[in-house]
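K.L.:
Below is a structure I'd like to ask you about.
What follows draws every value from the coordinates through simple rules; no lab data is involved. Here the structure is a predicted model, which means the values were calculated and not measured. Note that each Cβ is placed from the backbone with ideal geometry, even for glycine, and that neighbours are counted across all protein chains shown.
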């Protein structure tokens, strides 16, 4: 068997080893102060000039000699002649020579000859900004290792510093590797994988203060990899090699770093992120970053910001923490620190967090994530309802207005999410695809605000209501119609197998792709089978499951199935044929309290909005004739 | 008298008026996905392609047909021939046609002929990533009005979206006005004020997501101002006119906006920030921003981000809040909402906040500020020890390690601040210049960690200790020597008045500039007077006070005084002459508990460090022979 990993150390141990073995030596560069926003000072900065440079009026009014005003009072006003005795000055103007105080315009009566009359004396130096009141030449304006904010640029310019020595951005060279990789804009062909990781990694590094150089894709060829890595180490301050960090036949990264430098750590006891490599090439920090996107970005975030923050003299960024109640149970392996992406909303007076997809290849789980739950290595996970501490990706103030949608997947729910943003409701929406039955469960247990349900009850011939009565008896719930939609067979273009009725699937032994248990579409299929007197065992592929309509269409498009049940827009997305079967009702289930809440009203208003109806019906396969109507 | 302000409305009322009257209409532009970091989506984005595009191996191992493995177990291994029965695959590689599962490399024994032996069956589709597992074509990847993060770029590229419609950055045109203004890099001359505000305002606007156009400085000339403002309104989405917003003779901004468009608000009941103008020119939002820097940046922050956030569909940023105990009393006027910059540290188990300079012209107060205290209009202020809520400029985690220095000002304390950063201690230092006596008070009342003191006691001939015994009897305090420094007369170059002894100041009636009450240098001066049998009334300018050595030097350099008492580096900063008088001891006062704390040890270690000594002594006028030594 092949050699797997050198190590299985904890993340904190790996970090400690890495940071103790490598560093980025500080370099500085001089740039114009006006261009220095966000950069970090390389040395302490002392003012060269004072601000103000002259004694100046601090108010709009008149410059006077204080001693000439000492006798002024309500009963004995003092009059001052313009010129010798008083001179008009505006805020910021230098005090004319021989004058030592300013009287505010509001406190002076201007006389016809331009002089003034005053009713109170001025004290010497009143309303005068002395030389250096803000900044004194020689003063330390900013320490070294200070990140320049907008107003820092102001004090530098005011202090006569028009160019500033800042830390040069460390140059990170990113090397995407893999024979299967193609540039992201290249035409996709079988087996080719678009290299989006290098763009993402470059963007992260730029956010963290590095400059980035992106090398062209290097195929899995040790000689070419060595050449690229050597060049990167010569050119850059930091080398990031993407993929090939695992234990496959063409995973050369560990050998590469070993050959050119030294490997400190190969493999950390985390999920995702396990196959990371930490080492050095020619004394420059070198990272082998896993090819799976979530692993890649997580491991990058664990080991690169500490290096850059140390270089820049900045404290490491910390995410806001939040305690939340767990909406669903999470199981984790002992010995592995697991990082689970979570959706978070505020429900019934508490924050609720639900786990998202956990695969290291599911980039969308990062996009959807509101927070991160770190399950320690010594934990087997958490039970539903347990309070857990999250690290937030979005501010808690925003998550307080984040709606959790569960239940059946439909594109309209996605459109609802984007429309809530576009309408400026202040609401956002995170979706989990749990199927209709899962959605009812989620509403019942307070895990979600909304759930899409489309469950046909053959006995009563009704939609949804019978299921609620059976599954959540006595609960005050509301069903708001979202749409009627057409379900049908999703089949290859031209419907080559001539699929029409459900019996065709069984009789013609057509490779079928099913929806998961609890999905309304699966219940519909079971109902169709029963009506036709068929059994699941008569269907080839009855047990192969996808979780969304689009997943069904993708399987048919890929040729791994020849038919599935789903909705028209899914077939359209893959240019497949669609054989309409029946129209079904798709409702949003919500608690009575959510129905009446501000957020609930905003959602209902939006659903009933003609512009929204139009947008949905334009997709085809939907009728919005009852959209927004209360169905129970 | 001149017309002052049109209005005196509250900040929230002004905001409401402004936001209800103007807006930035949305425009979009299409840019390359890789360049779109931080930009905001203009429309929902649907995947064009699926990711993965083929069924692919999810593990490194061997592709198999699951049905051939069903009989495998510990006692009856199954052997699979390479080629027809199994094929090696690496993670991400497409599954070869005809295969439907992957067996992990760790779970297969490779045979000499390249085939494998397995001890357990594979289930169909195990370790296989199905088409669209991450992203399915047609799926909504991102909603409209979503700010693009690094991993968002990844999903867009993975989903086949290589160019993306984002909201165009609103173009803000900034017009610096004022006849007295000169570009910041121009040579300073009397009465000229460097225009640093426009650089700062542009930097803020860029941070908030606007594009900026900076116009050349326009003098106070209504015709030229109107021309510039009209052009700005034609060219930009937002017009920012800096200065001239107040009530001086040449404050044209309000007339300008009135003439070209409409003024909604002139004057809000805040300090700083009062003279702001909100209006429109040619339907474009137009702001008249006060010329005083703190007023300028505060008023900008109140009214511009709401406009930009609404345009970008983002929630407005909120600062972290923190409760802290007030170290010093703050008095405020009824009817004015006051925004006080604060220094914040963690002392004796609680956060302590001390007010910084409150003047609208003190840009350095913004630089030094750790937090903001907003005193409501209906409040007269807060007493010492009261708990107040702060808005933080720096994360509370960082402020926990921020040391508050009070007491006498010395450049070494500034050097200590920068050295603490450079040494990576994780400590930062905020200074308040309260004089030696003020410093003792601050340590006594738990307002500060450290205080610089240099108080000579004529009776005992000792430094500092007698004052502690008198002022803070029974307190367990520590005095750590920082340096000995030379005090002397700071006089114009060449010492034209021939200042030598203190009697010269009195006899020659030399214009003197004194330090504030409680400053060690003032006490020294009083001691010199007493020794010479002189009275304060015999000194011209005894009552004119500056708060720092540099302030004394600046006054002498400006010619408003002819002599002052201070230290050598201050005289040097202004190229003045220095007449040495005596050496004095400058100690750092701290509580016993701080002395023994980790932070206290770090400070003491740094003070005693030879590199630090060398750096201080290089400035001249200092001896570090006892630096770091405990003096009591």
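K.L.:
Dimensions of region A:321-444 along principal axes (Cα, Å, largest first)?
P.N.:
Sorted largest first, the three principal extents are 46, 30, 30 Å.
K.L.:
Compute from the Cα atoms of region A:450-623 the Rg and the Dmax, the latter being the longest Cα-Cα distance, and quote both in angstrom.
P.N.:
In Å, with Rg to one decimal and Dmax whole: 17.3, 53.
K.L.:
Spin-label point model (7 Å from Cα, Cβ direction): what's the residue A:329 to residue A:231 distance in nm?
P.N.:
Placing both labels 7 Å beyond Cα along the Cβ direction yields 5.4 nm.
K.L.:
For peptide A:125-132, how many partner chain Cβ atoms fall within 10 Å of a residue's Cβ, on average? It would help to have the intermediate numbers written out before the result.
P.N.:
On the way: counts 3, 0, 0, 1, 4, 8, 11, 12.
Counting other chains' Cβ atoms within 10 Å and averaging over A:125-132 gives 5.
K.L.:
Taking a point 7 Å out from Cα toward Cβ as the label site, list the nm distances between residue B:458 and the same residue in every other copy, smallest first.
P.N.:
Here residue B:458 shows inter-copy label distances of 10.9 nm.
K.L.:
What's the angle, to the nearest 10 degrees (0 to 90), between helix A:520-531's Cα axis and the longest principal axis of chain A?
P.N.:
Value to nearest ten degrees: 10.
K.L.:
Still on this structure, I have one more. Restricting things to alpha carbons, find the Rg to Rh ratio for region B:416-505 using the Kirkwood radius for Rh. Working shown, then result.
P.N.:
Numbers: Rg = 17.3 Å, Rh = 16.1 Å.
Ratio of gyration radius to Kirkwood radius: 1.07.
K.L.:
Next up: Within 10 Å of each Cβ of B:557-570, how many other protein chain Cβ atoms are there on average?
P.N.:
On the way: counts 6, 8, 3, 8, 0, 0, 0, 0, 0, 0, 0, 0, 1, 4.
The shielding value for this peptide is 2.
K.L.:
For region B:171-252, what is one quarter of the convex hull surface built on the Cα atoms, given in nm²? Kindly include the intermediate steps, with their values, before the conclusion.
P.N.:
Details: hull surface 22.0 nm².
Reported value for the Cα convex hull: 5.5 nm².
K.L.:
Tell me the Rg and the Dmax, in Å, that the Cα atoms of region A:468-531 produce.
P.N.:
Values for region A:468-531 (Cα only, Rg and Dmax): 16.0, 49 Å.
K.L.:
Using mean Cβ contacts within 10 Å as the protection proxy, how do B:55-61, A:576-582, B:424-430 order, highest first?
P.N.:
On the way: B:55-61: 24.9, A:576-582: 17.0, B:424-430: 18.7.
Highest to lowest by the protection proxy: B:55-61, B:424-430, A:576-582.
K.L.:
Sorted by mean Cβ packing within 10 Å, highest first, what order do the peptides B:407-418, B:284-295, A:597-608 take?
P.N.:
Details: B:407-418: 24.5, B:284-295: 27.7, A:597-608: 17.9.
Packing proxy ranking, top to bottom: B:284-295, B:407-418, A:597-608.
K.L.:
At a 10 Å Cβ-Cβ cut-off, how would you order B:384, B:129, fewest neighbours first? Walk me through the numbers on the way to the answer.
P.N.:
On the way: B:384 13, B:129 25.
Going from least to most buried by this count: B:384, B:129.
K.L.:
Looking at the P(r) of region A:1-155, how many percent of alpha-carbon pairs lie beyond 25 Å?
P.N.:
On the way: 6790 of 11935 pairs.
In whole percent, the share of Cα-Cα pairs in region A:1-155 beyond 25 Å is 57.
K.L.:
While we're here: Using DSSP, restrict attention to beta bridges with both residues in chain B and report what percent are antiparallel, rounded to the nearest 5.
P.N.:
Working: 82 of 115 bridges.
Percent antiparallel among DSSP bridges in chain B is about 70.
K.L.:
Whole Å is fine, so just give me how far the alpha carbon centre of region B:442-501 lies from that of region A:35-108.
P.N.:
Cα centroid to Cα centroid, the span is 33 Å.
K.L.:
When only C-alpha pairs under 8 Å and at least 6 residues apart count, what is the relative contact order of chain B, in percent?
P.N.:
Values: 1428 pairs, mean separation 64.9, N = 632.
Result for chain B is 10 percent.
K.L.:
Any idea what % of Cα-Cα pairs in region A:423-466 are farther than 16 Å?
P.N.:
Values: 453 of 946 pairs.
Pairs farther apart than 16 Å: 48 percent.
K.L.:
Of A:631, B:342, how do they rank once you tally other Cβ atoms within 10 Å and put the fewest first?
P.N.:
Working: A:631 17, B:342 26.
Listed from fewest to most nearby Cβ atoms, that is A:631, B:342.
K.L.:
Expressed as an acute angle from 0 to 90° and rounded to the nearest 10, what is the orientation of the C-alpha long axis of helix A:411-422 relative to the principal long axis of chain A?
P.N.:
The answer is roughly 10 degrees.
K.L.:
Relative contact order for region A:320-414: what is it in percent, counting Cα pairs under 8 Å that are at least 6 residues apart?
P.N.:
Working: 185 pairs, mean separation 38.2, N = 95.
Relative contact order comes out at 40 percent.
K.L.:
Translational diffusion coefficient, Stokes-Einstein: compute it for region A:300-384 using the Kirkwood radius over C-alpha pairs as Rh, at 20 °C and 1.002 mPa s, and state it as an integer in µm² s⁻¹. Mind dumping the intermediate values first?
P.N.:
Working: Rh = 14.5 Å.
For the chosen part, D equals 148 µm²/s.
K.L.:
On C-alpha positions alone, give me the angle between the axis of helix A:11-21 and the longest principal axis of chain A, in degrees, nearest 10.
P.N.:
The helix A:11-21 is inclined about 50 degrees to chain A.
K.L.:
Over all directions, the average projected area of the alpha-carbon convex hull for region A:57-140 comes to how many nm²? Present the calculation step by step, with values, prior to reporting the outcome.
P.N.:
On the way: hull surface 22.8 nm².
Seen from a random direction, the Cα hull of region A:57-140 projects 5.7 nm² on average.
K.L.:
How much mean residue ellipticity at 222 nm does the protein assembly as shown get from its helices, if each DSSP H run of length 4 or more adds -39500 (n - 2.57) and you divide by all residues, to the nearest 500 deg cm²/dmol? The partial results should precede the final answer.
P.N.:
Numbers: 36 runs with 340 residues, N = 1264.
After summing the helix terms and dividing by the residues of the protein assembly as shown, the value is -7500 deg cm²/dmol.
K.L.:
Here is a further query. What number, in nm² with one decimal, is the all-direction average of the projected area of the convex hull of the alpha-carbon atoms of region B:529-632?
P.N.:
On the way: hull surface 35.4 nm².
Approximately 8.8 nm², given one-decimal rounding.
K.L.:
Taking the label point as lying 7 angstrom from Cα along the Cα-to-Cβ axis, what are the distances from residue A:545 to the corresponding position in the remaining copies, in ascending order and in nanometres?
P.N.:
Label-point separations across copies, in nm and ascending: 7.8.
K.L.:
Moving on. Arrange the peptides B:273-281, A:201-209, B:65-73, B:464-472 so that the one whose residues have, on average, the most other Cβ atoms within 10 Å appears first. It would help to have the intermediate numbers written out before the result.
P.N.:
Working: B:273-281: 26.0, A:201-209: 21.1, B:65-73: 15.2, B:464-472: 17.1.
Answer by packing, highest mean first, reads B:273-281, A:201-209, B:464-472, B:65-73.
K.L.:
Whole Å is fine, so just give me how far the alpha carbon centre of region B:603-622 lies from that of region A:539-576.
P.N.:
Rounded to whole Å, the Cα centres lie 74 Å apart.
K.L.:
If you don't mind, another one. Measuring from centroid to centroid over Cα atoms, what is the spacing of region A:144-170 and region A:312-382 in Å?
P.N.:
Answer, in whole Å: 38.
K.L.:
Now, a different point. Limiting things to C-alpha atoms, what are the Rg and the maximum Cα-Cα separation (Dmax) for region B:275-328, in angstroms?
P.N.:
15.0, 49
K.L.:
Turning to a different aspect of this structure: Per residue of B:143-149, count partner chain C-beta atoms within 10 Å of its C-beta, then hand back the mean as an integer. Can you show the working numbers first?
P.N.:
On the way: counts 11, 6, 7, 5, 0, 1, 7.
Mean shielding count: 5.
K.L.:
Between residue B:501 and residue A:377, what FRET efficiency follows from the Cβ-Cβ distance if R0 is 51 Å, with the result rounded to 0.05?
P.N.:
Working: r = 75 Å, r/R0 = 1.48.
My answer for the efficiency is 0.10.
K.L.:
By what distance, in whole Å, do the Cα atoms of chain B stretch along each of the three principal axes, largest value first?
P.N.:
Taking the Cα atoms of chain B, the three principal extents are 112, 69, 47 Å.
K.L.:
So how long is each side of region B:101-160 along the principal axes, counting just the alpha-carbon atoms, biggest first, in Å?
P.N.:
57, 22, 16
K.L.:
If eta is 0.692 mPa s and T is 37 °C, what Stokes-Einstein diffusion coefficient results for the protein assembly as shown, Kirkwood Rh from Cα pairs, in µm²/s?
P.N.:
Translational D for this selection: 94 µm²/s.
K.L.:
Follow-up question, since we're still on this one. Give me the log10 of I(q) over I(0) for region A:157-215 at q = 0.12, 0.25, 0.27 Å⁻¹, as the Debye formula computes it from C-alpha points; what are the numbers?
P.N.:
So the normalised log intensities work out to -0.45, -0.98, -1.05.
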